[in-house]
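Participant: Got a structure for you, written out below as structure tokens; questions coming shortly.
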Amino acid sequence: MLSPMKYIIPSWLYIFLTSFVLLSCNDRQGSGDEAFKIELNDTLRSEVDLSGISIGYSTPSLNAPFYVVLSEYMKRYAEAYGMKFAMADGQDDIIKQITSMEDLITSGVDIMILNPLDHKALVPAVNAAAGSGIPVFIVDSQIDETADCITSVQASNEGNGWLIGEWVVDQMSGSEIQVALISGSQGNPVGQAKRLGFFEGFTETQLMTRGHSNLHILAQGWGNWTLLGGIQAMEDILAAHPDVNLLVAENDAMAMGALKAIEESGKADQVLVVGYDGQKEAYELIMEGKYGATALNSPGELARLVVESVVRYKNGQRLDKVIHTPAILISKDNVDEYYNPDALF
């Protein structure tokens, strides 16, 4: 029997999950759930009965709010279509994620949705599932082109990076920009796409506005996508490079952790912080003037699109191999359009 919470989890995550469950329960009783139902009423209609379909989702981990909320939204969308939903946790470990996929297959799922920890290491598991007659859909991250999957639903990570780079040059036009990066995990293609997009947007904007570019990266740290990882990475960076004036983190959780370290070092007015994903707490910091900008990677939108892709597939429709959500930058100029105090993320 699958049990995504069968492993020991850190106390901070337990607190977050407890709060999340309470929020979900409150939503079901109040206006939050009604808004969600209205959103579902606007989604794709199925011409075939999906009530007998079971979706299995393998998440890379539950170490960050993004992963927890993505799982919850997928469950809600799947069940709104009458489908069953099961989730298994890969716990930030390739072998455990492969085992989680095997557990889902053994439980009898009809469809597999995978958010792969590694775009190459998971290919054999994807192909094994597809070979056994279970269609595989990829969400949030990327998979190698040799994987036998139906489609991959992901944010426009490189496009978001470009927008961040462009915005930073505009905001810091009179400064010699000294950059520090905090990346998620080594070899992760999502983080790589965000970095490359930032490099391209930053460099091209400087070339267009100055006729030359001086992208100067002082340091790169690894935060494993968590707030605590962001704190630790930023403390190390500041100790070695006190002249950093721009911090680019590959998600908002790490960026907010880095901001804590920056504030504790007394450098809050010296370092501009930007991130990715569009987390509600990042929006609040933007409104307070403590955080520069973020770029949208909505777990709700990813969940909707991947579940709709399953629906389209079961209705015999052709799907593009890759489906992107649009690249959107959120700063003080437009944060009010995106901030929702009742949002899950």
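The values are calculated or read from the model by the stated rules, or taken from the named source; none is laboratory data. Predicted, not measured: the structure shown is a model, and the values here were computed from it. Neighbour counts are summed over all protein chains in view; Cβ atoms, including those assigned to glycine, are modelled from backbone coordinates with ideal geometry. The protein model used for the area step is the full one, side chains on, heavy atoms only, and it has no ligands, DNA or RNA in it. Shrake-Rupley method; radii C 1.70, N 1.55, O 1.52, S 1.80 Å.
Participant: May I ask you to list the trypsin sites (Lys or Arg not before Pro) in the stretch 305-345 that are in a DSSP loop and have at most 10 other Cβ atoms within 10 Å of their Cβ? Kindly include the intermediate steps, with their values, before the conclusion.
Facilitator: Values: sites: 312, 314, 318, 321, 332; in loops: 318, 321, 332.
Those satisfying the criteria are 318, 321.
Participant: Give the lysines whose C-alpha is closer than 16 Å to that of residue 96, dropping any in the same chain fewer than 8 places away, or say none.
Facilitator: Result set, ordered by chain and number: 6, 120.
Participant: Would you mind getting me the FRET efficiency between residue 216 and residue 80? Use the beta-carbon distance for r and R0 = 41 Å, nearest 0.05.
Facilitator: Numbers: r = 49 Å, r/R0 = 1.19.
According to the calculation, E is roughly 0.25.
Participant: Could you give the accessible area per residue of the chain, probe 1.4 Å, as a whole number in Å²?
Facilitator: Computed with neighbouring chains in place, this is 44 Å² per residue.
Participant: If R0 is 35 Å, what FRET efficiency do you get for residue 48 and residue 200 from their C-beta distance, rounded to 0.05? Please report the intermediate quantities before stating the final value.
Facilitator: Working: r = 43 Å, r/R0 = 1.22.
Calculated value: 0.25.
Participant: While we're here: At 7 Å along the Cα-to-beta-carbon direction for both residue 263 and residue 209, put a label point, then send me their distance in nm to one decimal.
Facilitator: 2.8 nm
Participant: Please give, to one decimal in nm, the separation of the simple spin-label points placed at residue 120 and residue 284, each 7 Å out from Cα toward the Cβ.
Facilitator: Label-label distance for residue 120 and residue 284, simple model: 4.1 nm.
Participant: Relative contact order of the chain: what whole-number percent is it, with Cα pairs under 8 angstrom and at least 6 residues apart?
Facilitator: In percent, rounded to a whole number, it is 17.
Participant: Continuing with this model, one more query. Which number do you get for Rg(Cα) / (2.2 N^0.38 Å) in the chain?
Facilitator: Numbers: Rg = 20.3 Å, N = 345, 2.2 N^0.38 = 20.3 Å.
The value comes to 1.00.
Participant: Normalised by the residues of the stretch 63-183, what does the relative contact order come to in percent, with Cα pairs under 8 Å and at least six apart?
Facilitator: Computed over the stretch 63-183, the figure is 15 percent.
Participant: Can I ask one more? How much of the accessible area of the chain, probe 1.4 Å, is carbon plus sulfur, in whole percent?
Facilitator: Carbon and sulfur together cover 51 percent of it.
Participant: Under the 0.36 nm per residue contour assumption, what length would be gained going from the current alpha-carbon distance of residue 337 and residue 102 to full extension?
Facilitator: Stretched out fully, the residue 337 to residue 102 stretch lengthens by 80.4 nm.
Participant: Antiparallel as a % of all DSSP beta bridges within the chain, to the nearest 5?
Facilitator: Approximately 5 percent, going by the DSSP bridge assignments.
Participant: Within 10 Å of each candidate Cβ there may be at most 14 other Cβ atoms; applying that plus a DSSP loop requirement, which GluC sites (Glu not before Pro) in the stretch 242-319 survive?
Facilitator: Details: sites: 250, 263, 264, 281, 284, 288, 301, 308; in loops: 250, 288.
Answer by residue number: 288.
Participant: Given labels modelled 7 Å from the Cα in the Cβ direction, how far is it in nm from residue 173 to residue 324?
Facilitator: So the label points at residue 173 and residue 324 sit 2.7 nm apart.
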